[in-house]
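The values are calculated or read from the model by the stated rules, or taken from the named source; none is laboratory data. None of the values given here were measured: they were computed from a predicted structure. Here the Cβ positions follow ideal geometry from the backbone for every residue, glycine too, while neighbour counts run over all protein chains shown. We work out accessible area using only protein heavy atoms, side chains counted, and drop any ligands, DNA or RNA first. Shrake-Rupley method; radii C 1.70, N 1.55, O 1.52, S 1.80 Å.
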Amino acid sequence: MIIDFSIMEEKKLTEFKGGKGDTIARMHTDEMGKIMYGKLEPGASIGFHKHETGSEIIYILSGKANFLYDGETEEITAGGCHYCPKGHSHSMINNGDENLIFFAVVPEQ
């Protein structure tokens with residue numbers, strides 16, 4: 001199955017998961033989970049949330065992100081990957097000067 005993000009409708013998720021600003025996303029969703037190509041503008045964030053039914057893998061394509069995870073702050077730049085296992089909580093913040101572009105997979109487990 002090919003997922004072509006370039007032809008998907010872009011969705012604006014305002015204050016996603018209690019974050020700040022807008023998350024711009026192109027997303028494939030089915031019963032097995034979500035696959036997302038997303039963007040956070042400088043200063044925007046995805047709020048702190050717990051993964052109750054699955055994990056999340058986020059690969060940074062460009063920009064840099066700060067993740068709050070297990071009481072620590074982790075900075076990741078383009079080419080880096082963040083993993084949040086099932087049962088854990090995290091948030092993602094773009095505190096850089098350029099758009100943060102990322103690819104995320106949230107499988108149901």
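Quick look at the values:
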| item | result |
| --- | --- |
| The stretch 25-109, dipole about Cα centre (Lys/Arg Cβ +1, Asp/Glu Cβ -1), debye to the nearest 20 | 140 |
| Net lengthening on full extension, F103/I2 (0.36 nm per residue, minus Cα-Cα) | 34.8 nm |
| The stretch 34-79: GluC sites (Glu not before Pro) in DSSP loop, at most 10 other beta carbons within 10 Å | E52 |
| For the stretch 18-93: relative contact order, % (alpha-carbon pairs under 8 angstrom, 6 or more apart) | 31 |
| Under 20 Å from the Y83 label point (7 Å along Cα→beta-carbon), backbone N, the stretch 20-64 | 33-36, 49-61 |
| Solvent-accessible area, 1.4 Å probe, carbon plus sulfur percent, for the chain | 51 |
| Karplus 3J(HN,Hα) series, Hz, for the stretch 28-34 with 6.51 cos²θ - 1.76 cosθ + 1.60 (x for Gly, Pro) | 9, 10, 8, 5, 8, x, 10 |
| Unit Cα scatterers, Debye sum, the chain: log10 I(q)/I(0) for q = 0.16, 0.18, 0.19 Å⁻¹ | -0.67, -0.87, -0.97 |
| ³J(HN,Hα) computed for each position of the stretch 71-76 - Karplus, 6.51 cos²θ - 1.76 cosθ + 1.60, integer Hz, glycine/proline x | x, 10, 9, 10, 9, 10 |
| Distant-in-sequence amide H partners of Y69 (H built 1.01 Å from N, under 5 Å) | E74 |
